[in-house]
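Asker: What follows is a structure written as structure tokens; I'll ask about it next.
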Amino acid sequence: MGYYTRVLSKRSDAPTHEELERTLHAARPDVNLSIEEGAGANWTELVLSHRDGPDIAAIERNPVADGSLGAEEIAEFMEGVRDCRPATAVQWLVSYLPEVKTVYSFQHLSGTRERRGDEALRLVSEAIWARGQAILQADGEGFSNEDGYHILWQFSDGVSGPWWMAVLKDDQWFRFQMELGNREQREAFFDGRVPEGVKTA
């Protein structure tokens, strides 16, 4: 099935292919963003690739409507987060996800591992997310809030490394950088607390 990241947007309008292409080529003129299905702002599938191959990512835009793939994905997310931690993030997501109108899915292909393909993909993803009213999701990792800080733990137990997180308290997000492999910091995050001694933002 492959590895996917997503932008979950409350906006039903989409950036046009041309807008995304301009943003991408301003920083990465060495890659292509081509339409597979649709046109203009009505595209439904794009392919991001290195100019001489291989493909970096397959990108889909799925509106959320009754019976749609987008609606199925939202329902799966709603079910999948219920037993996750922290509980405050679960509650926030369960309120947020039903308001999502568009799911942008990015299937990471072999080109992400060549010639900074992952950077090019991030430029496209962030251009969509930065339009506002959107959160991020990554398979095997979890969800962000609208500011891009990670709020829900879906990592494997063996994960490690620095990561920017946020916990919700009294309707306010508290942002910090934790070491994912640190058990004490991990337990604090699970409880919805900022771990002691971490860098804050």
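Bear in mind these aren't lab numbers, they're just calculated from the coordinates by the rules spelled out. Owing to the predicted nature of the structure, the values given are computational and were not obtained by experimental measurement. For neighbour counting, all protein chains shown are included, and Cβ atoms are generated from backbone atoms with ideal geometry for every residue, glycine included.
Asker: Tell me which residues come under 5 Å, amide H to amide H, from residue 181 once H is placed; ignore anything under 5 positions away on its chain.
Answerer: For residue 181, the qualifying residues are 161.
Asker: Here are some values of Kirkwood radius over Cα pairs in Å: [x] 19.4; [y] 16.2; [z] 17.7. Which one was computed from this structure?
Answerer: Here the calculated entry is [z].
Asker: So what J values fall out for segment 92-98 if you push phi through Karplus, 6.51 cos²θ - 1.76 cosθ + 1.60 with θ = phi - 60°, rounded to Hz, Gly and Pro as x?
Answerer: Rounded to whole hertz, the list is 5, 5, 4, 7, 7, 4, x.
Asker: Follow-up. What's the angle, to the nearest 10 degrees (0 to 90), between helix 17-27's Cα axis and the longest principal axis of the chain?
Answerer: Approximately 70 degrees, to the nearest 10.
Asker: Under a Cβ-only charge scheme (Lys and Arg +1, Asp and Glu -1), can you give me the dipole magnitude of segment 155-201 about the Cα centre, in debye to the nearest 20?
Answerer: Numbers: 6 positive and 8 negative charges, 30 e Å.
It comes to approximately 140 debye.
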